[in-house]
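Q: Provided herewith is a single structure, encoded as structure tokens, for subsequent inquiry.
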Amino acid sequence: MFSISTLYDGSGIETPELSPRTGKEHPPSYEEASADYEEMQTQFSWDDQAVRRIFIRKVYAILMIQFFVTVAIVALFTFCAPVRFYIQTHPHLYMCSYMMFLTTYIALNCCGEQIRRQFPWNLVLLALFTLSLACMMGFVSSFYNTKSVVLCLGITALVCMSVTIFSFQTKIDFTSYQGVLFVLTMVMLFCCIILSIVIPFGYVPWLQAIYAVIGAILFTLFLAFDTQLLIGNKRYTMSPEEYVFATLNLYLDIVNLFSFLLSCFGGGRD
């Protein structure tokens with residue numbers, strides 16, 4: 001019988017062990033064959049986690065800048081009486097901001113991935129998008145009293161912090177509940193259609209309140225959904241290259257949540 005020990009030739013170089021039946025080289029064992037693969041898989045997993053952490057830090061760094069810019073503009077339009085009066089008497093500025101908002105939103109979402117990933121144009125468009133949407137929120141906030149605006153800003157900040165922490169810790173996969181989000185979106189659409197028909201004949205407070213509550217709940221769920229897309233350990237994930245798109249989604253969720261809370265709890269300025 002052939003020995004199962006390692007064989008060496010005259011030069012001391014290791015030679016492969018031969019099979020006693022076929023005289024050919026033994027195939028490697030499963031442990032030997034899978035050792036390198038498991039090591040590579042571990043390395044890839046570690047690299048992916050490192051890239052994901054960098055991606056998350058980049059998204060939240062940009063989001064904090066957007067949040068501070070929005071709060072500053074809303075505070076300027078709310079607390080500064082001359083600016084508030086000028087904005088309220090020139091509504092065409094709101095339409096200009098709205099047109100810039102639509103243009104940048106379409107450019108970042110509907111014109112392909114190259115614009116979103118091409119530096120620095122992606123950040124330039126994101127900055128214009130943030131300024132336009134912040135000005136729109138400032139214009140809307142100028143018609144509410146100061147206490148309501150501050151209260152809704154505080155509630156929005158607390159809700160966003162709570163939802164973010166919960167989304168990072170929970171085992172519930174919000175990315176798999178797309179059907180629920182779709183149903184709530186359809187309910188909001190129908191409420192919006194009904195409001196557009198009813199409001200010309202008279203203001204209905206309870207219908208407006210229902211619409212605002214549904215909107216706040218919907219965008220709270222969207223915030224959890226987009227946060228878990230950002231984390232990347234659920235059913236659906238977002239590519240680490242799409243940091244602009246991820247920031248855009250989270251910022252829209254926060255701004256819409258604030259606007260619906262303002263509609264629900266805000267009081268008109270005297």
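Q: If you take the residues of the stretch 118-152 that are among the aromatic types (Phe, Trp, Tyr) and farther than 14 Å from GLN88 by Cβ, which of them is modelled with the lowest pLDDT?
A: Taking the stretch 118-152 as the starting set, the residues that turn out to be among the aromatic types (Phe, Trp, Tyr) are 119, 121, 129, 139, 143-144.
This time we only want the ones that are farther than 14 Å from GLN88 by Cβ, so: 119, 121, 129.
Working: PHE119: 77, TRP121: 80, PHE129: 89.
For the stretch 118-152, the residue satisfying everything is PHE119.
Q: A follow-up question, please. Can you tell me which residue among TYR243, TYR236 is within 27 Å of LEU63 (Cα to Cα), touching a Lys or Arg at 6+ places or on another chain (Cβ under 9 Å) and not small (Gly, Ala, Ser)?
A: Numbers: TYR236 fails: touching a Lys or Arg at 6+ places or on another chain (Cβ under 9 Å).
On inspection, the qualifying residue turns out to be TYR243.
Q: For PRO240, only one of the following conditions fails: (1) surrounded by 18 or more Cβ atoms within 10 Å (Cβ to Cβ); (2) part of a helix (DSSP H, G or I). What is its number?
A: Among (1) surrounded by 18 or more Cβ atoms within 10 Å (Cβ to Cβ); (2) part of a helix (DSSP H, G or I), PRO240 violates only (2).
Q: Continuing with this model, one more query. For the stretch 115-151, what are the residues that are among the hydrophobic types (A, V, I, L, M, F, W, C) and in contact with a strand residue (DSSP E or B) (Cβ under 8 Å, 6 or more places away or on another chain)?
A: Result: PHE143, single match.
Q: May I pose another question? Exactly one condition in (1) in contact with a helix residue (DSSP H, G or I) (Cβ under 9 Å, 6 or more places away or on another chain); (2) in a helix (DSSP H, G or I); (3) of a type in the set (Ser, Thr, Tyr) is not met by SER162; state its number.
A: Of (1) in contact with a helix residue (DSSP H, G or I) (Cβ under 9 Å, 6 or more places away or on another chain); (2) in a helix (DSSP H, G or I); (3) of a type in the set (Ser, Thr, Tyr), only one is false for SER162: (1).
Q: If you take just the helices (runs of 4 or more DSSP H) that sit entirely in the stretch 64-154, which of them hold at least 2 residues that are within 18 Å of ASN256 (Cα to Cα)? Spell out how you get there, then give the answer.
A: Numbers: elements: 81-89, 92-109, 113-117, 121-141.
Ranges flagged: 92-109, 121-141.
Q: If you check PHE85, PHE68, which single one turns out to be at pLDDT 85 or above and under 21 Å from TYR251 (Cβ atoms)? Steps first, answer last, please.
A: Numbers: PHE85 fails: under 21 Å from TYR251 (Cβ atoms).
Criteria check complete, one pass: PHE68.
The values are calculated or read from the model by the stated rules, or taken from the named source; none is laboratory data. Bear in mind the structure is a predicted one, so any value in this text is a computation, not a measurement. Heads up, the Cβs are rebuilt from the backbone with ideal geometry, glycines too, and the neighbour counts pull from every protein chain shown.
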